[in-house]
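Below: the structure, in structure tokens.
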Amino acid sequence: MEKTFNLILTGVGGQGIITLLQVIDETAFVEGYDVRSSELHGLSQRGGSVEAHIRFGRKVYSPMVQNGQADLIIALELLEGLRESAKAGGKTRLLVNEYLLPFIGSPAKEEIVKDLNKVKSELYLVPASQECKDKLQNDVVCTLYLLGYAVGKGLIPFKKESVLRAIKNVIPEKYLDLNINAFKLGHD
């Protein structure tokens, strides 16, 4: 890969963004890329916004993705996906989990989806949380489902085997099978 790949992860506290960041960092390392990442979180432990930037390629100097320069944005929550879509450029692909964290005064899911469809980027709306809840009885692993989806659809330039190796290097043994199954479910 000649060009640096720019990735933004977004969601709310408790969804596993930092774990996903670690798996992606490790995958980039396994594939021999130079990788830089940065996490931005405020009230993340209370359901607040969490954002992570990851850049990998031949040589990377800064972890921050500039507005309009993301190749891929992975959003674990609809409203956070809509907020982050403001940073998308014409070449950005948006991979958004169809999960909405309910709060008083939150817009309806249909309104958010309607607004997301107006974004001038390639949009992938995926029911990752629901799929993981239905098939794995755990919706928190939707992070690895979304990564599997991104790899399977060619949205991120990683090999399946490299991600599986990274998962084994990052995820604790007692959660390993569940996370691998989530990745494979999203990939296939």
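Read-outs: derived from the displayed coordinates by stated rules, not from any lab. Since the structure is predicted, the reported quantities are computational estimates derived from the model, not experimental observations. Please note: Cβ atoms are built from the backbone with ideal geometry, for glycine as well, and neighbour counts cover all protein chains shown.
Structure data summary
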| item | result |
| --- | --- |
| Net length gained if the chain between residue 134 and residue 159 were fully extended (0.36 nm per residue, minus Cα distance) | 6.3 nm |
| Cα gyration tensor shape for the range 95-188, rounded if a/c is under 1.5, else prolate or oblate | oblate |
| For the range 79-184, with +1 on Lys and Arg beta carbons and -1 on Asp and Glu, the positive-most of 113, 90, 147 along the dipole | 90 |
| FRET efficiency, residue 110 to residue 175 (Cβ-Cβ, R0 45 Å, nearest 0.05) | 0.85 |
| Three-way shape label, the range 76-119, alpha-carbon gyration tensor, a/c 1.5 | prolate |
| Simple Cβ-charge dipole of the chain, Lys/Arg +1 and Asp/Glu -1, about Cα centre, in debye nearest 20 | 400 |
| Label-to-label distance, nm, for residues given as residue 188 and residue 168 (7 Å Cα→Cβ offset) | 1.8 |
| Inter-label distance for residue 86 and residue 58, nm, one decimal - labels placed 7 Å from Cα along Cα-to-Cβ | 3.6 |
| Sequence-distant lysines (8 or more away, or on other chains) whose Cα lies within less than 19 Å of residue 184 | 133, 135, 153, 159, 160, 168, 174 |
| Over the range 57-102 - Rg/Rh using Cα atoms and the Kirkwood inverse-distance radius | 1.05 |
| Mean separation of Cα contacts under 8 Å (6+ apart) over length of the chain, as relative contact order % | 21 |
| Convex hull of Cα atoms in the range 5-187, direction-averaged projection (nm²) | 9.8 |
